[in-house]
Amino acid sequence: MRSPILAALVLLAACTRPVEPPGGRFAQELAGHVAGAVQTCVPTFPSQNLRVIDPQTLAYGYGRTIYVNHLAAACPALSEYNTVISEVQGGQYCRGDRVRGLEPGGLIPGPTCNLGDWVPYRTP
């Protein structure tokens, strides 16, 4: 009786993928980057979007410079799969600008949250 149950558990364990720690993929992305001086605004680029790292952290940019923004508190509507809607002034993401999340297939965005300062991470 134990053999079929044990075999089923082994098969089930083989089918699952390892759980990635929160921010694990992002930590790999920042590997080799060095934090720079805090900035209140960063320029926007049409080919790049804000992306959610966790409900309290947004990132912007790829490659040599990645900007990270830690919100003052977790923003309930921000998750990895939601669209980030930003309300920016003058073509820059600045401290105090508002962001909200929109769930896939949703019609009404979540509550607004304010951006904090940006920390640039650059490759040396």
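The values are calculated or read from the model by the stated rules, or taken from the named source; none is laboratory data. Given the structure is predicted, the values throughout are model-derived calculations rather than measurements. Note: ideal-geometry Cβ built from the backbone for every residue, glycine included; neighbour counts use all protein chains shown.
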Filtering strands (runs of 3 or more DSSP E) wholly in segment 82-124 for at least 3 residues that are over 24 Å from A27 (Cβ atoms) gives 83-87, 98-102
Per the list (1) of a type outside the set (S, T, N, Q); (2) surrounded by fewer than 12 Cβ atoms within 10 Å (Cβ to Cβ); (3) without any contact (Cβ under 8 Å) to a residue 24 or more places away in the chain, residue check on R98 breaks on (2)
Of the residues in segment 60-71, those that are among the small types (G, A, S) and surrounded by 19 or more Cβ atoms within 10 Å (Cβ to Cβ) number 1
Residues of segment 19-50 being in contact with an Asp or Glu (Cβ under 8 Å, 6 or more places away or on another chain) and modelled with pLDDT under 95, in sequence order, are P22, G23
Considering segment 83-124, residues that are of a type in the set (V, I, T) and within 19 Å of D54 (Cβ to Cβ), and then whichever is farthest from the chain's Cα centre (by Cα), we arrive at T112
